1. With axes computed from alpha carbons, what is the tilt in degrees of helix 138-157 against the longest principal axis of the chain, rounded to the nearest 10 within 0 to 90?
2. Please give the calculated 222 nm ellipticity per residue for the chain, where each DSSP H segment of at least 4 residues contributes -39500 (n - 2.57) and the sum is spread over every residue; nearest 500 deg cm²/dmol?
3. Report the relative contact order of segment 139-250, percent, no decimals, based on alpha-carbon pairs under 8 angstrom and at least 6 residues apart.
4. Can you pull out the trypsin sites (Lys or Arg not before Pro) in segment 543-637 whose DSSP state is coil and whose Cβ has at most 14 other Cβ atoms within 10 Å?
5. Order 160-170, 301-311, 479-489 from most to least packed using the mean count of other Cβ atoms within 10 Å.
6. With +1 on each Lys and Arg Cβ and -1 on each Asp and Glu Cβ, and nothing else charged, work out how big the dipole of segment 11-350 is about its Cα centre, in Debye to the nearest 20.
7. Bin by bin, in steps of 20 Å, what percent of the Cα pairs in the chain do you find, going until the bin that has the longest distance?
8. Quick one: putting +1 on the C-beta of Lys and Arg, -1 on the C-beta of Asp and Glu, what dipole do you get for segment 486-592 around its Cα centre, in Debye to the nearest 20?
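Just so it is clear, none of the values below were taken in a lab; they were calculated from the coordinates. Predicted model only: the values in this text are computed from it and were never measured. Don't worry about glycine lacking a Cβ; one is built from the backbone with ideal geometry, like all the others, and counts go over all protein chains shown.
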Amino acid sequence: MTELKNLFQPIKIGSLDLNNRIIFLAAANGYGSEDMVTQRMIDFYVERARGGAGLLTTGIIAPSSLGMPIPGMLGIYHDRFIPGLRQLTEAVHAQGGKIAAQIGLQYYRAREEGAPTEEVAPSAVSTRRGSSPRELTLEEIQDMVEDFSQGARRARDAGFDAVEFHCGIGYMINRFLSPCTNKRSDQYGGSFENRLRFLLDILHATSRKAGDDFPIICRISGEEFMEGGYGLEDYQKITPILERAGVCCLNTQAGWHECPRPLVHMSVPRGAFVYIAEGIKKVVNIPVVAAYRINDPILAEDILAQGRADLIGMARPLIADPELPNKAREGRIEDIRPCIACGHCLDTVMERTPMACTVNAQVGREGEWTVERAERPKRVFVIGGGPAGMEAAVVAARRGHDVTLFEKMGQLGGNLIPASVPSYKWEISNFTNYLKTQVGKSGVRLRLGAEIVGKPIVQEKPDVVILATGARSIIPDIPGARGKNVVTAHEVLSGEKNVGRRVIIVGGGMIGSETAEFLAEKGKEVTILEMLERVGADIGRTTRWVILQRLTNAGIRIETRANVVEITDKGVKVKREGGEEFFEGDTVVLAVGLEANKELAQQLEGKVASLYPVGDCAEARRIAQAIEEGFRIAREI
Ligand SMILES: Cc1cc2nc3c(=O)[nH]c(=O)nc-3n(C[C@H](O)[C@H](O)[C@H](O)COP(=O)(O)OP(=O)(O)OC[C@H]3O[C@@H](n4cnc5c(N)ncnc54)[C@H](O)[C@@H]3O)c2cc1C
């Protein structure tokens, strides 16, 4: 057992005592309502306090009603918010937890309710997203200083243990700090000192309003990765000034939302930005937090042991498994439900829906979706050992049911196995291993190499059958689609079929794009043919641009609005606006989607006591739905 001595050492942030070094980082979750705390939000944080993190941080809270671009965010711009926020802090404290309020402003404001939003910033510098903000007036800046400091005072009144000002990723404070967005010539711009003034004004006003002893944390992007922006050396000059101004802890992050560099995608190596914390730690005497792509307590321990940071920030790993700290402390590393860095949590919030997690169905439903012992244990057959089947089997077994899991292959995993083959998707295999381990520990009877057909199952008379037989590749109805030179993406990634030198991929969705890159890495000359206007249309917002960047870097040819009409042994015929075109290739890889395996459901329908199709065999989708449905049915039966 790895001893995590450093991770579970107490530490002080100003006057605040923490009993370990794990911070749950701010992550907007969309669980608020009308800028207020809800029971759903309280349940979410209570679960994470129970899980043992040393300090929780709320998602960004707006100190002004003019900075609320994401529905479901919290507000702290009036005293009327204090009672709701106090319910949250009291609930966290009741679990022995500590909680900081993260206060920050993005760069939008709506003049009045229902009016279109107007973007404002220190200077009228266009953003990379194409918007043109209006320059703030001096009066508005002073109002904002007042808003931030009043917000901090309200946070203290509501019982928060600390306040964290969001000074990073290109949000309002960061736009004042950085020369790439602050072009002012008054006292808030024009020099290093002047650009810092906005934040220093906020810090001084906060000390006056909330008291000198109320711990202040600043979250900073220690490298902005923006043209003309600040790098680590600049932040090494800024941070000692913040320390002198009373900041008790520096929480580091990397880049801006709009910088052209992947920061949290699964292709970013674990711990890639710890060097930022390390660099800041060299110039200050207050605790420094390392963050981004640290989802493993052993890596966290190493970072602390090497003295590279004082605390470890985790957002997604504690969304995936709120109990990560307790499990790590108890040495139960293999029981930690691993974050796969897929970005689904971010995507759901960006799509303005409540946050969800691919690997944890309970996220956002902590109070409702509890796992209770079944009143009457049942004989449950789960057919299919992909994520849906494994999750269903484990949860059903935890409830005391007598569970048998049948898998036709010699191993568990289903489509998680090909899904984790592209080089940067290896995190998915950690989740597969986690599920397999839980199946092994749960008392589920496992039958590998057992392809199930209808009749024998009916004769066995189980109380419940959960069908999780997944989906298979669609073979389109195109002449030549079953030719000798045609394979599926699934067959390529599973290593069942080889391809020639020149490969044409039909279908540029997630699977087609990933298969293209996988083959390009092997030296193949790859062309993607996509009938839609763009490739990767089924990939989430936070990830798609990274995949496109990778396809370009890999030299993959991409042809959109290309409707494949025929496949021959020489290549692929395509119909386009301008007429027909022929693409030569040695192998054609089909990646036009998956279709649900429905045969077994048809055989069993009406012949077994209860039948529940879950995951891709109900409808081909993603791991998130497989996990959610597997969990939901197992807790209901
Ligand atoms: C190449 C690829 C990449 C992907 N990448 C991602 C990704 O990055 N993110 C994401 O969210 N989703 C991804 N997906 C989709 C994701 O893998 C599926 O949505 C998910 O695996 C569905 O889970 P499931 O348990 O429903 O089915 P499956 O994972 O398909 O598992 C079904 C299992 O049932 C078994 N089985 C079938 N019939 C029988 C039978 N008669 N008897 C016994 N066993 C049977 C199969 O052998 C299989 O093990 C990808 C899919 C593919 C193919």
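1. Its long axis makes an angle of about 80 degrees.
2. Working: 20 runs with 206 residues, N = 637.
The helix contribution divided over the chain gives -9500 deg cm²/dmol.
3. Numbers: 147 pairs, mean separation 35.1, N = 112.
Dividing the mean separation by the residue count of segment 139-250 yields 31 percent.
4. Values: sites: ARG544, ARG550, ARG557, ARG561, LYS570, LYS573, LYS575, ARG576, LYS598, LYS607, ARG621, ARG622, ARG632, ARG635; in loops: ARG561, LYS570, LYS598, LYS607, ARG621, ARG622.
Here the trypsin sites (Lys or Arg not before Pro) that fit, given the DSSP loop and packing criteria, are LYS570, LYS607.
5. Final packing ranking: 160-170, 301-311, 479-489.
6. Using Cβ point charges on Lys, Arg, Asp and Glu, segment 11-350 gives about 420 debye.
7. Percent of Cα pairs in each bin: 18, 46, 30, 5, 0.
8. About 240 debye.
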